[in-house]
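As structure tokens, the structure follows; a few thoughts come after it.
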Amino acid sequence: MKLLGLDHIGIVVRDMDETIARAGETVDGSALGKRILTDDLDLQFLLFGETRLELIELRAAGFGMPMLKDGETAVIGHLGYEVDDLEDTKAELAHRGVAFQGEFKTDEVHSIFTVPETTFGLTLQFTQYLGRETGA
């Protein structure tokens with residue numbers, strides 16, 4: 001298992017439109033890629049310099065992330081790490097007693113999510129970018 005670095009920080013927000021507007025006004029955060037809307041969530045990556053934040057407005061709690069109520073402030077939903085070999089990472093983490101609660105795969109990425117109780121109280125997302133050289 002080789003961690004290549006922190007890929008992004010997933011932040012759960014109460015109101016996506018308000019958060020995007022304020023991020024742009026206060027710290028020059030800009031949208032990165034397409035906004036993803038599903039029945040369960042509204043998701044947008046923002047770029048702050050060279051740092052990516054994944055903003056998530058949930059319509060139902062899941063993957064260790066709460067659905068925020070009025071008056072509640074943003075919380076860290078998960079830390080996203082890039083790895084060189086996801087299957088190797090998954091096997092090594094399972095060997096270390098880590099449990100998993102979800103997985104998704106597209107033509108570009110393959111990701112798994114951990115059960116927070118098995119990874120020091122935070123959900124961790126491990127992602128391998130498919131077809132991309134890691135430089136290592």
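What about L46, is it out of contact with any Gly (no Cβ under 7 Å at 6 or more places or on another chain), buried (at least 16 other Cβ atoms within 10 Å of the Cβ) and either more than 24 Å from G24 (Cα to Cα) or among the hydrophobic types (A, V, I, L, M, F, W, C) (or both)? Judged against the criteria, L46 is not a match.
Can you work out which of the residues in region 1-33 that are surrounded by 13 or more Cβ atoms within 10 Å (Cβ to Cβ), under 14 Å from the mean Cα position of the chain (by Cα) and not aliphatic (A, V, I, L, M) is nearest to G64 (Cα to Cα)? Selected residue: G10.
Just to be sure, is R52 under 18 Å from Y129 (Cα atoms), assigned to a strand (DSSP E or B) and either under 15 Å from the mean Cα position of the chain (by Cα) or small (G, A, S) (or both)? Answer is yes for this residue. A Cβ distance below 6 Å, combined with a sequence gap of six or more or placement on separate chains, defines the contacts here; from region 33-45, residues that are closer than 17 Å to D7 by Cβ reach residues that are among the β-branched types (V, I, T) in the pairs L43/I36; L43/I56. Within region 107-122, restricting attention to residues that are part of a loop (DSSP other than H, G, I, E, B) and among the β-branched types (V, I, T), the residue that is surrounded by the fewest Cβ atoms within 10 Å (Cβ to Cβ) is V115. Across region 83-116, the number of residues qualifying as more than 12 Å from L130 (Cβ to Cβ), of a type outside the set (A, V, I, L, M, F, W, C) and touching a residue at least 12 places away in the same chain (Cβ under 8 Å) comes to 9.
Residues in region 49-60 that are under 15 Å from G77 (Cα atoms) and either of a type in the set (K, R) or exposed (fewer than 13 other Cβ atoms within 10 Å of the Cβ) (or both): R52, R59, A60.
Only one of the numbered conditions (1) more than 14 Å from the chain's Cα centre (by Cα); (2) under 24 Å from K34 (Cα atoms); (3) touching a residue at least 60 places away in the same chain (Cβ under 8 Å) is violated by A61, and that is (3).
Looking across region 73-106 at every residue that is part of a loop (DSSP other than H, G, I, E, B) and at pLDDT below 95, the one that is surrounded by the most Cβ atoms within 10 Å (Cβ to Cβ) is identified as A74.
In region 91-121, what residues are aromatic (F, W, Y) and within 14 Å of the chain's Cα centre (by Cα)? Of everything in region 91-121, those that are aromatic (F, W, Y) and within 14 Å of the chain's Cα centre (by Cα) turn out to be F104, F113.
The values are calculated or read from the model by the stated rules, or taken from the named source; none is laboratory data. This structure is a prediction, so every number in the text was calculated from the model and none was measured. No Cβ is skipped: glycine too gets one built from the backbone with ideal geometry, and neighbour counts run over all protein chains shown.
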